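Participant: One structure is given below, represented as structure tokens, and several questions about it will come after.
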Amino acid sequence: MSRAQLTSTVEQNTGGAVAPWVGGKNAAINGGADIWQRGTTFTNTVGYTADRWYQGAGNVTTTQETTLVPTGFRYSVKGTTTATSQPYWFQAIETAESQRFAGKTVTLSYYAATSDSSNVLLRLDYSTSVDNSAVGTYTSIGSSSVAATSSMPSTPQTATFVVPSTAKTLRIVIGAAGNQSTGATTTFSGVQLEVGSVATPFSRAGGTLQGELSLCQRYYWRLNGTDVTGSTIANICTGYIGSSSAISGVYPFPVQMRVAPSIAGGASTNFIGLGGGSFHYPSTFSAQGVSKTNAIISLTASGYTAYQAGALLMGSTSADYLEHSAEL
Amino acid sequence: MSKYEIIKGNPDQFTKDIVKRTDENGQVWFIPTDPANSDYQAYLATLAANSAPQG
């Protein structure tokens, strides 16, 4: 390594003269809690919350936090217990990304605060299965319980692990280190998993805000009715009317997804078919022909005139959305 | 508990089978029969568990 390279590396590690924001260094996607496609409040929810972060404990409400954030960050993830519980979030990292960590020393770091000043958890799991499900079976590589206070720290809590050479899927686990009483909170942001024994300054996995959104959309994206302006109806795509009872349309995804995704409308989404100059509803939604990059969706209702062009639409309330999941 | 059903594909329209999952909250998911899709993996696991011989 040349002196210039060495100097550059040292300066990056210390946040010195060379800008330390390096896309791809950090394997934790949405570590800065920038992206919340599913919403910003998840009441007593076991499941995905902020993009890529799955909250695993019962009796925990996860919300977007804008006040208790690390310096330089806009958002944190906050879990509030609604009964005695241990809030924890995890993120599975797909094999194509996990494999660069196999056999290496890695450092997990994040900024976390607990309202009761209880310790926080830094744990790293692995699986020898390719692209193991986030809720699948994992083996713990190691686990640290690190001190926290009710204020966001100025330097991150950190832990270092050695990843087995056989690891195919890694899973980050963070949150409270033990049970918290009702109403206690655990708040975090700035999660980073990187090669090496030292926590370097935080970088978004995607490098930029748009890069981070695109990375998140590789696993999940949502078309929201509320995104429309200037109309009370949101467009999905143009369509063709194949019979008197259905309109179908093909629409592209914003990015190529990890795998062909599962697709759903919201439980109360008001889908609308437009054909022959008339709205057709209530419309029953279905999906077919799903690939990593596009899908065919159909809306079934009566009264269409076959072999005309039309459009597939939905309402513009928060209940109106179309979601796509290719999570592990 | 979620309910599953197979929606048969239509060769005339070049579509393949797809799994329809109805969740307890009424939300309906359409899951492609892609072995790498984790929801499809969960469906196959449910199928295997339900067909396992009872002790």
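Participant: Hey, which aspartates and glutamates would be in cross-link range of B:K3, C-alpha to C-alpha under 18 Å, not counting anything within fewer than 8 residues on its own chain?
Facilitator: The reachable aspartates and glutamates, counting only those whose Cα sits under 18 Å from B:K3, are B:D17, B:D23, B:E24, B:D39.
Participant: Another one. Averaged across A:267-273, how many Cβ atoms of other chains sit within 10 Å of each residue's Cβ atom?
Facilitator: What the average comes to for A:267-273 is 2.
Participant: Given contacts defined as C-alpha pairs under 8 Å and at least six residues apart, what's the relative contact order of chain A, whole-number percent?
Facilitator: Averaging sequence separation for qualifying contacts and normalising by length gives 19 percent for chain A.
Participant: When chain A is modelled as a GNM with alpha-carbon springs shorter than 10 Å, which of A:P201, A:P156, A:P282 fluctuates the most?
Facilitator: Looking only at A:P201, A:P156, A:P282, the largest GNM fluctuation is found for A:P282.
Participant: For region A:58-105, compute Rg over Rh where Rg is the Cα radius of gyration and Rh is the Kirkwood radius from the inverse mean 1/r over Cα pairs. Walk me through the numbers before you get to the answer.
Facilitator: Values: Rg = 15.5 Å, Rh = 13.6 Å.
On the Cα set of region A:58-105, Rg over Rh gives 1.14.
Participant: Cα to Cα, under 23 Å, and not fewer than 8 places away if on the same chain: which lysines meet these conditions relative to B:K8?
Facilitator: Cα-Cα hits under 23 Å: A:K292, B:K16, B:K20.
Participant: Same structure again: Taking 0.36 nm per residue of separation and subtracting the Cα-Cα distance, what length does fully extending B:A36 through B:N10 add? If you can, show how the numbers build up before the last one.
Facilitator: Numbers: separation 26, 0.36 × 26 = 9.36 nm, distance 2.26 nm.
Stretched out fully, the B:A36 to B:N10 stretch lengthens by 7.1 nm.
Participant: Right, something else. Please give the direction-averaged projected area of the C-alpha convex hull for the protein assembly as shown, in square nanometres with one decimal.
Facilitator: Directional mean of the projected Cα hull area for the protein assembly as shown stands at 22.8 nm².
Participant: Per DSSP H run of n ≥ 4, the term is -39500 (n - 2.57); total these for chain B, divide by its residue number, and report the mean residue ellipticity at 222 nm rounded to 500 deg cm²/dmol.
Facilitator: -8000 deg cm²/dmol
Participant: With every protein chain kept in the model, how would you rank A:M257, A:M152, B:M1 by accessible area, 1.4 Å probe, largest at the top?
Facilitator: B:M1, A:M152, A:M257
Participant: With the convex hull built on the Cα atoms of region A:216-264, state its orientation-averaged projected area in nm².
Facilitator: Here the figure is 4.8 nm², rounded to one decimal.
Participant: Report, as a whole number in µm² per second, the diffusion coefficient that Stokes-Einstein gives for region A:56-208 at 10 °C and 1.306 mPa s using the Kirkwood radius over alpha carbon pairs.
Facilitator: Here the translational diffusion coefficient equals 101 µm²/s.
Participant: Around B:L47, what is the net charge, scoring Lys/Arg as +1 and Asp/Glu as -1 over all other residues with Cβ under 15 Å from its Cβ?
Facilitator: Net of charged neighbours comes to 0.
Participant: Return the distance in nm (one decimal) between the two label points of a simple spin-label model at B:N50 and B:K20, each offset 7 Å from Cα along Cα→Cβ.
Facilitator: 1.4
Participant: When a/c reaches 1.5 or more, the comparison of a/b and b/c decides; with that in mind, is region A:193-248 rounded, prolate or oblate per its Cα gyration tensor?
Facilitator: On the way: a/c = 5.80, a/b = 2.76, b/c = 2.10.
Since a/c reaches 1.5 and a/b is larger than b/c, the shape of region A:193-248 is classed as prolate.
Participant: Just need the relative contact order of region A:239-328 here, percent rounded to a whole number, with Cα pairs under 8 Å and 6+ apart.
Facilitator: 44
Participant: Another question, then. Heads up, I need the accessible area for A:T149: 1.4 angstrom probe, whole protein in place, Å², nearest 10.
Facilitator: That residue has around 70 Å² of solvent-accessible surface.
Participant: Taking the DSSP beta bridges in the protein assembly as shown as the whole, what percent of them are antiparallel, to the nearest 5? Walk me through the intermediate numbers first.
Facilitator: Numbers: 103 of 103 bridges.
About 100 percent, rounded to the nearest 5.
Participant: Post the alpha-carbon centroid distance, region A:112-167 to region A:53-84, in whole angstrom.
Facilitator: 16
The values are calculated or read from the model by the stated rules, or taken from the named source; none is laboratory data. Here the structure is a predicted model, which is why all the values come from computation and not from measurement. In this analysis, Cβ positions are derived from the backbone assuming ideal geometry, glycine residues included, and neighbour counts consider all displayed protein chains. SASA here: full protein model, heavy atoms, side chains in, ligands and nucleic acids out. Shrake-Rupley method; radii C 1.70, N 1.55, O 1.52, S 1.80 Å.
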